[in-house]
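This report refers to the structure that appears directly beneath it.
The values are calculated or read from the model by the stated rules, or taken from the named source; none is laboratory data. This one's a predicted model, so the numbers in the text were calculated from it and none came from an experiment. No Cβ is skipped: glycine too gets one built from the backbone with ideal geometry, and neighbour counts run over all protein chains shown. Heads up: the accessible areas ignore ligands, DNA and RNA and are worked out on the full protein's heavy atoms, side chains in. Shrake-Rupley method; radii C 1.70, N 1.55, O 1.52, S 1.80 Å.
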Protein chains: 2
Amino acid sequence: MIHGKNILGFTVSAEGKQKHQTVNSRSGEILAGEFNEATLEEVEQALEKAQNAFELYSKVSGKTRATFLRAIAAQIEGMGEPLVERCMAETGLPEVRILGERKRTCFQLESFAKVLEEGSWVEARIDRGDATRAPVPKPEIRKMLRPMGPVVVFTASNFPLAYSTAGVDTAAALAAGCPVIVKNHAAHFGAGEIVGQAIQKAAQDCGMPDGVFSLLNGFGFEVGQALVKHPYTKAVGFTGSLQGGKALFDLAQSREEPIPVFAEMGSTNPIALLPKALATRPDSIAETLAGSITLGMGQFCTNPGLLVALAGEELDNFVDAFTKAFVASTPQTMLNTKIRESYERLNAQALEQTGVELLALSEKVADAASNEGRPTLARVMGKDFLANPALHQEVFGPFSLLICCSDKSEMKTVLESVHGQLTSSVMAEDDDVSAFQDCIDVLSRKAGRLIFNGVPTGVEVCAAMQHGGPFPATTDARFSSVGDDALKRFVRPLAYQGFPEELLPEELKAENPLEIWRLIDGGWSRDSF
Amino acid sequence: MIHGKNILGFTVSAEGKQKHQTVNSRSGEILAGEFNEATLEEVEQALEKAQNAFELYSKVSGKTRATFLRAIAAQIEGMGEPLVERCMAETGLPEVRILGERKRTCFQLESFAKVLEEGSWVEARIDRGDATRAPVPKPEIRKMLRPMGPVVVFTASNFPLAYSTAGVDTAAALAAGCPVIVKNHAAHFGAGEIVGQAIQKAAQDCGMPDGVFSLLNGFGFEVGQALVKHPYTKAVGFTGSLQGGKALFDLAQSREEPIPVFAEMGSTNPIALLPKALATRPDSIAETLAGSITLGMGQFCTNPGLLVALAGEELDNFVDAFTKAFVASTPQTMLNTKIRESYERLNAQALEQTGVELLALSEKVADAASNEGRPTLARVMGKDFLANPALHQEVFGPFSLLICCSDKSEMKTVLESVHGQLTSSVMAEDDDVSAFQDCIDVLSRKAGRLIFNGVPTGVEVCAAMQHGGPFPATTDARFSSVGDDALKRFVRPLAYQGFPEELLPEELKAENPLEIWRLIDGGWSRDSF
């Protein structure tokens, strides 16, 4: 099933001499399949194909693109057990999680298909002309969102399906009308390729242009950098570390023509634990938090890595319940050895910092032979946190730091000091809200999603989701990488002035053949005119 | 009336030792008023004030912000004749143009006020929760656009009102809920300050927070760079040269926290002159084009600097009519000596390039003593244009280059070779459209606004306008710097998850008190629920 070659549109290619293999995350055993590193010539070919495909694909109707997205979902389902097993082997994630993730991946494709079929997402605006206006006639102008061009996607280690080859970046770009070139992830080349084959098949079956999708294997930085620097590339999607995302962002901004990079990077997702809430329901908050921090071994971008509370009796009582709940959590296999080693290093570094004390570990120790990590909870005083930038960094994995603030003012200062975030949360009772409104305001300025009496893990796929926040959580807080609006990342507005009806896109024709919502002379309607 | 000091919120400040004056563009005579260069301490104070103001101003309702914008317009009108005269003196622009520009400035403020009052611009999305969903309950999520934070605005030399102190960047940022710090333009410090006083007065009268607006005088780069680098600054608006805009963009991207820069820079606004159109109506196209190229001495970002046509009899006949119309144009005073000198230098450089021939000059010679520039038309063959990057650069002023292509294929190659543009246009008859569809497709990929049988000068202020195109026309083709959507540049989405009704912004409350359009569970409505 796995050929190990690069997918270049409707063909495959294996010109590179370097070959790579992937390993079972749990056992370390080498898995079947040798993956050919893409050459710079293959990068060039993929971009040439994508550019040619763009001329055709950008004219394919939304309804036909929807059919294509649905065909991709069907092909992924059709890959069956071998895909599930490969994902499990290459990531160490349990079957139930992979099955759920496959469902999510198909749901995302389906959601974009629905958005395309409904059609109003293009933000059509029509201002009718007036030839009689003085001193100059008013021109007729109609505007809608149009695709940018070829998009390069870097996939995530922690979601082998939902944020990888056919994940939300690829699905959004294809939905928007942009060809996609995916840089296959070295940790799960096999799963990436199986999904790549599914997309290739769907593209052929649906009569899409050759080059609408390519998948290149890249182990080091060379392939990725060449993809980002290529003049045909018009946007980049990335999910991963701050270091990796920032490097690609800087590279893209240093091009002769800078291009948008949508990098979703680190986040510590602070949660303010307000005193009345801690006093009222210490056990349920403790249980919920311990569950959120250790879910999926904390390998989520929304993992709550910072907990901020006021020192006092309420906190002490809560900490008792919290450590008890935390001790009961269990070590599990991490995504790969690199991630486990990084977790152990950053975890140990954090515990070595001035004023940091270990609060709780899972009772069960981690089995290093099975690449397990151990859930860890630490505590520090507000003043030590404020004085030490190292404590503001994300520790990717099941680690969280409880920050005890001496008073409300210090709490506000602590919250103001944290980096930009994907999410911020508050656990509060009514009395807390009035007393800590300024702290909640600070949290709202720090993040893209603000959660009340809940935890940030579990990112709903829906129109109202915002998965993107101020730097360094993402490189562009104006856009979301989850939910329907994710396709807005790969489009730009194009205004048509004075065009005859027959030359306008369907979305902008007077008779409104697609029956979409449009802003006509300042009023929203689905009318023709 | 002019104090020459920096406006810091509700106060003025003149700590700097350097003082500057402005000159009459036509006569070179020094104008009244000495302008104190802002110090780095004053920059710091302006940002501190803006940051404090943001906490309050971001909570001011849209209706109240609308009142504030209208008050600014009224104050600008109230500045009367002294403002008009100062604009004329500092820019050399005629009274009718300044009066028109003042009207446009007030219209822009008024347009944003209407958008705020209607309220639907916040893109409210609501996905209702479902506690019964398996395997996990569906959370309730509601999202809307929220202001980013303090915005720094760099103003334009060619629009002392409409793209300056209270121009579209300032109006859009204030509309969005962001405090603004304007870097006053050294060529028209006086006009800038008068408008700054108008905004200061309006802010006080409307009870806006101190620091919602500041205006700093800066002659060199120091003040501007300090403003862009300051951590409180969250976005930058700029209108001017490619060199200036790109430098600010690079500076902003090199910050520890990169921030969006909306720089509107150079554009040559290519027009494809298709053969049937040239054959059918040579005189009217000639007249329209000559008028557009010389309008306002070509000192518009939408000035058509490149004309692309097929060599042949139609073109030869057209060129006769075109040169005749062009010769009749008249030299006029340019904005300032720096701009005239730059025009003369770039004009002369273009004429020196291989294969470039002078086609027409205005019959009347330019009066250098009155700082006049002379309209100039040149011609080059497609192959010489393709071989010479220097010819792709903008010549800011009344200059245009006609590119004669040997065949349709060369025409497509020429169009593909041009930079990203604010606009691209096509002069065509029906037969042209079918024969040259691929060329029109290329034009649509190059620009933010595509014009059919019209010229790009005259940028309508309306919801459907797109003033922003691929780099280097702007640094962010996803946004417009003219029209209602211009305020979208200064906001980011914020999702609220699980919030009780009473803590949500009005825009997201179930009862929909503002009666705005919202996307609720996938359907657009103005309903409550």
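Around A:Val356, under 10 Å between beta carbons, what's the net of Lys plus Arg minus Asp minus Glu among the other residues?
-2
Please enumerate, by chain and number, the aspartates and glutamates with C-alpha under 13 Å from the C-alpha of A:Lys138, excluding those fewer than 8 residues away in the same chain.
Correct list for A:Lys138: A:Asp127, A:Asp130, A:Asp521, B:Glu460.
Using a cut-off of 12 Å between beta-carbons, work out the net charge of the residues near B:Ala290 (Lys and Arg +1, Asp and Glu -1, B:Ala290 not included).
-1
In angstroms, what radius of gyration and Dmax does the protein assembly as shown have, counting Cα atoms only?
29.6, 92
Ignoring ligands, DNA and RNA, what accessible area per residue does the range A:474-529 give at 1.4 Å, in Å²? List each step's numbers first, then the result.
Values: 1900 Å² over 56 residues.
Per residue, the range A:474-529 has 34 Å² of solvent-accessible surface.
On the accessible surface of the protein assembly as shown, probed at 1.4 Å, how many percent belong to carbon and sulfur atoms?
Here it works out to 53 percent.
Where in the range B:453-477 does accessible area fall by at least 40 Å² between the isolated chain and the complete protein assembly, at a 1.4 Å probe radius?
Listed in order, they are B:Glu460, B:Ala463, B:Ala464, B:Gln466, B:Phe471.
Just the accessible area per residue of the range B:228-337, please: how many Å² with a 1.4 Å probe?
Computed with neighbouring chains in place, this is 33 Å² per residue.
Could you tell me how far the Cα centroid of the range B:476-529 sits from the Cα centroid of the range B:80-149, in Å?
13
What is the interface area between chains A and B, defined as buried accessible area summed over both chains with a 1.4 Å probe, reported in Å² to the nearest 100?
That pair hides around 5700 Å² of surface in total.
Residues of the range B:352-423: accessible area per residue at 1.4 Å, in Å²?
40
About the Cα centre of the protein assembly as shown, what is the dipole size in debye to 20, counting +1 per Lys and Arg Cβ and -1 per Asp and Glu Cβ, all else neutral?
For the protein assembly as shown, the charge dipole is close to 80 debye.
Ignoring ligands, DNA and RNA, how do B:Lys383, A:Lys276 rank by accessible area with a 1.4 Å probe, largest first?
Working: B:Lys383 130, A:Lys276 95 Å².
Accessible-area ranking of B:Lys383, A:Lys276, largest first: B:Lys383, A:Lys276.
Would you rank A:Cys178, B:Cys206 by solvent-accessible area, highest first, keeping every protein chain in place and using a 1.4 Å probe?
The ranking, largest first, comes out as B:Cys206, A:Cys178.
Where in the range B:257-273 does accessible area fall by at least 50 Å² between the isolated chain and the complete protein assembly, at a 1.4 Å probe radius?
Hits at the 50 Å² cut-off: B:Pro258.
Mind listing which GluC sites (Glu not before Pro) in the range B:337-439 are in a DSSP loop and have 15 or fewer other Cβ atoms within 10 Å?
Those that pass, being in a loop and sparsely packed, are B:Glu363.
Run through every distinct alpha carbon pair of chain A and return the Kirkwood hydrodynamic radius in angstroms, one decimal place.
Averaging 1/r across every pair of different Cα atoms and inverting gives 24.5 Å.
Just to be sure I understand: of the beta bridges DSSP finds with both ends in the protein assembly as shown, what percent are antiparallel, rounded to 5? Before the final figure, lay out each step's value.
Values: 58 of 146 bridges.
If we restrict to bridges inside the protein assembly as shown, about 40 percent are antiparallel.
Let me know the charge dipole size of chain A about its Cα centre in debye, to the nearest 20, where only the beta-carbon of Lys, Arg (+1) and Asp, Glu (-1) is charged.
The calculated dipole for chain A is roughly 820 debye.
Tally Lys and Arg at +1 and Asp and Glu at -1 over the other residues with C-beta under 15 Å from the C-beta of A:Phe262: what net charge comes out?
Its environment carries a net charge of +3.
Nothing charged except the Cβ atoms of Lys and Arg (+1) and of Asp and Glu (-1): what's the magnitude of the dipole of the range B:53-105 about its Cα centre? Round to the nearest 20 debye.
380
Are there any GluC sites (Glu not before Pro) in the range A:442-529 that are in a DSSP loop and have at most 14 other Cβ atoms within 10 Å? List them by number.
Hits after loop and neighbour filter: A:Glu511, A:Glu515.
Comparing the chain by itself with all protein chains present, which residues of the range B:115-145 are at least 30 Å² less accessible (probe 1.4 Å)?
B:Arg125, B:Asp127, B:Ile141, B:Lys143
Filter the cross-link list A:Lys59/B:Lys276; B:Lys5/B:Lys63; A:Lys412/B:Lys59 down to pairs whose alpha-carbon distance in this structure exceeds 29 Å.
B:Lys5/B:Lys63
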